[in-house]
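Heads up, the thing below is written out as structure tokens.
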Amino acid sequence: MPGCRIFVSGDEAVAEAVRLARPHVISAYPITPQTVVVERISDFVEDGSLKSEYLHVESEHSAMSAALGAAAVGARTFTATSSQGLLYMAELLPYVSGARFPIVMMNANRTLATPWALLSDHRDSLSQIDSGWIQVYCEDAQEALDMIIQAYRIAEDPRVMAPIMVNLDGFLLTHTYEMVELPGQEEVDAFLPPYRTGNKMDLDDPKTVCYAAMDEYMEFHMKQELDMRKAPAVIAEVDRAFGDRFGRSYGGMVEPYRCEDAEVVLLTLGTVTGTARVVVDAMREEGHRVGLAKLRFMRPFPRQEILEIAGRVKAMGVIDKDISVGYEGIVFTNVNSSVCDLASPPPRINFIGGLGGRNISKGHVRGMFGQLLKLAGGEGMERIQFINVGCEHNG
Amino acid sequence: MATNARELTNTEFLYGHRACAGCGGSLALRLAMKVLGPRTFVAIPANCMSAVSFLYPQISFTTNAMISPFPATGAVLSGIEAGARALGFKDYSVVGFAGDGGTADIGIQALSGAIDRGDRVIYVCYDNEAYMNTGIQKSGLTPFGSRTTTSPAGRNIPGAAGRKKDMFEIVAAHGIEYAATASIGYLEDFLKKIGKAARCRTTSYIHVLSPCATGWGFPVEQTVEMGKEAVDCGLWVLAEYEDEEFVLNRKPKEFSCVGDYLKKQARFKHLKEKEVEFITANRDKKWEKILKNWKA
Ligand SMILES: Cc1ncc(C[n+]2csc(CCOP(=O)(O)OP(=O)(O)O)c2C)c(N)n1
Ligand code: SF4
């Protein structure tokens, strides 16, 4: 099938990408706002356009466990989840990454109960950044589609061999319709060769996987970390190769936007980037030297890229749609641990917003830039600020 | 597929493990593997059997094998089977060996899902009647009156209070293609059942009573005898569920003494006459139901 343009939601774009990536085994359990992905994939299996084994499992724990079993015999696998489901399968995340199985999972970012809420923030995925999974965050449906395809190539690269979680903001991206370029199957097949690995159980060469280790445990994980450090180069390489073939690339670990001569820069994750872009353009028109940097990956963490940007600016803001209660936003903590290596790091503000799907509007982003410009001008600012809240917060 | 002592292969597929002397579970696994043969994928969750046979680099399985997460045996087996199917493998078996806790408690959801999907996997529960790997704690299959480290027998509590979930009937209630109970006291019967399970086209389940010298508290040379006596005194029943019917495999002419069986084990030493009578009465009730409803 040749490429074409289609009008789809983020969830549907993911399903289309999964069809193009041809996983052998798909196992999934429904949860809003991921459900459309598993429904569409079921349709593809039913109509024969995707020849995968589709397992209707009884929980997210089993969804990832079945993917683990399939990956253990060398199958390419896919699953998708969100929120409570991601936490329900949490036991499996280090299990899979420790076994070095390149499972690709879509996560529809949704907040965590309680209180129960359906809308999007990043508390679910960010609670799992230490699980050994690569984490990428998408801005729009096209990037989501492209990243599912790229994810398989990155994850299965023998230099990396790590599972990947592709994150889409729930509803904001999963349920928003956009025109999307759908690549042709032959092109995708040429970009993404079949998965071959020696890291599997094999009838011709029997092996044990997921064993126990006492003395070697530390070395296994040191090796995992050393390989993960190679991932940024592989991510950049795959991004370029994708660009060469399909004409779209995303800048690897971080996509800076109008950062060249910026005085202040705002760091974003996911769809809020789109809002921030518009604000940056408007404020540039007005003569303010503002820019933004879209963090595409949270693991591996784009330390180098952040250092380069931080070294050039007078103030830096980090939007966190999450909070590590008792401290600060999780992205902020990670950014801080990178920039503290600079001789004189720029002052920083953590903007915590969007929890439980609370809107972050252009006006709010403009307000953030206003605060950052004041900070750059030497004014003292509160280090952690809650955005768009309905109650007083006692600083 | 040889399932009797005379024809069983001399090749070992599980050896060099670190199980205690007098371990019924490891005997069940070792012999089941001889029936299933070299083209077998094994998944074992966290339990005694994985703890004693998967310590890198001294791996005790010669076939393909993996440790599955404790709650996930059924799902991991499904995944292996789906992967093997999708990749076009031919002539292989997929088997899981989970303990009683890994089956009846934390793993019951994944097991239920696998049977519901009808994936072609063999699920073996080796039942040593407690969480042994973590130090003899009570599971949903610990029988009434049993002393464990979490059901201590003292003045107020006479050991475990549960009745031992009936996993065989729970599994059968799914409409599974084949399920059976077995005991390492009757090995040929067990092996025959493993052979039958291997020939199934969908999910099969074997529940094998596997006495544990360490956890039950009996001399290590009496393991097989203990497995026999559990059947002979009627507390454990050998049966099959096939073609949607329950079939009783062994009906002792006369039960041996329940009290004698219990008193040989440290875990039941504290039981008083009245508790032994209660256990015996429950046995009789169960048998009454079996004789009325099951094919003999
Ligand atoms: C999620 C999870 N909870 C608890 C444990 C701890 N754990 C490991 S083995 C085990 C007991 C296993 O008991 P059983 O399944 O009866 O097998 P046995 O050890 O008796 O052979 C437990 C509780 C674990 N590994 N994973
Ligand atoms: S504790 Fe029991 S089941 Fe575990 S290895 Fe020892 S004898 Fe076997």
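Numerical summary
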{"item": "Some residue of region B:13-33 being at the interface with chain A (Cβ under 10 Å from one of its Cβ atoms) and not aliphatic (A, V, I, L, M)", "result": "yes"}
{"item": "Test for B:A75: is it more than 7 Å from chain A (Cβ to nearest Cβ) and outside any loop (DSSP other than H, G, I, E, B)", "result": "no"}
{"item": "Where a residue in region B:204-216 is within 12 Å of ligand 2 (Cβ to nearest atom) and its partner, wherever it lies, is among the β-branched types (V, I, T), with Cβ under 6 Å and at least six apart", "result": "B:S210/B:I184; B:P211/B:T223; B:A213/B:V220; B:A213/B:T223; B:G215/B:I136"}
{"item": "The one condition in (1) touching a Leu at 6+ places or on another chain (Cβ under 7 Å); (2) aliphatic (A, V, I, L, M); (3) more than 17 Å from A:L295 (Cα to Cα); (4) away from chain B (no Cβ under 14 Å) that A:A212 fails to fulfil", "result": "(4)"}
{"item": "Elements of type helices (runs of 4 or more DSSP H) in region B:214-296, at least 3 residues being open to solvent by 80 Å² or more (accessible area, probe 1.4 Å)", "result": "B:273-293"}
{"item": "Only listed residue being more than 15 Å from ligand 2 (Cβ to nearest atom) and more than 20 Å from the chain's Cα centre (by Cα), chosen from B:G154, B:G140, B:G175", "result": "B:G154"}
{"item": "Tally, over region B:9-45, of residues that are in a helix (DSSP H, G or I), of a type outside the set (A, V, I, L, M) and within 16 Å of ligand 2 (Cβ to nearest atom)", "result": "4"}
{"item": "Wholly enclosed helices (runs of 4 or more DSSP H) of region A:35-94 bearing at least 3 residues of a type outside the set (A, V, I, L, M), open to solvent by 20 Å² or more (accessible area, probe 1.4 Å) and modelled with pLDDT of 95 or more", "result": "A:35-46"}
{"item": "Unique residue being closer than 17 Å to B:A28 by Cβ, touching a residue at least 24 places away in the same chain (Cβ under 8 Å) and open to solvent by less than 60 Å² (accessible area, probe 1.4 Å) when the list is B:I184, B:I176", "result": "B:I184"}
{"item": "Residue match in region A:242-254 (condition: modelled with pLDDT under 95, within 30 Å of A:G184 (Cβ to Cβ) and not basic (K, R))", "result": "yes"}
{"item": "Test set (1) assigned to a loop (DSSP other than H, G, I, E, B); (2) within 16 Å of ligand 2 (Cβ to nearest atom); (3) more than 11 Å from chain A (Cβ to nearest Cβ); (4) surrounded by fewer than 24 Cβ atoms within 10 Å (Cβ to Cβ) - B:F70 fails condition number", "result": "(3)"}
{"item": "Qualifying position, being farther than 23 Å from A:I31 by Cα and touching a helix residue (DSSP H, G or I) at 6+ places or on another chain (Cβ under 8 Å), among A:L168, A:L145, A:L203, A:L182", "result": "A:L182"}
{"item": "Out of A:V45, A:V37, A:V57, sole residue that is under 24 Å from A:P102 (Cβ atoms) and out of contact with any Lys or Arg (no Cβ under 9 Å at 6 or more places or on another chain)", "result": "A:V37"}
{"item": "Residue in region A:220-229 that is closer than 30 Å to A:V8 by Cα and open to solvent by 60 Å² or more (accessible area, probe 1.4 Å) present", "result": "no"}
{"item": "Strands (runs of 3 or more DSSP E) wholly inside region A:293-395 containing at least 2 residues that are at pLDDT 95 or above, open to solvent by less than 40 Å² (accessible area, probe 1.4 Å) and not aliphatic (A, V, I, L, M)", "result": "A:315-320, A:348-352"}
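The values are calculated or read from the model by the stated rules, or taken from the named source; none is laboratory data. If you're wondering where the values come from, they're calculated on a predicted model, not measured in any experiment. Methodologically, a virtual Cβ is constructed for each residue, glycine included, from the backbone with ideal geometry; neighbour enumeration extends over all protein chains shown. Surface accessibility is based on the protein's heavy atoms, side chains included, excluding ligands, DNA and RNA. Shrake-Rupley method; radii C 1.70, N 1.55, O 1.52, S 1.80 Å.
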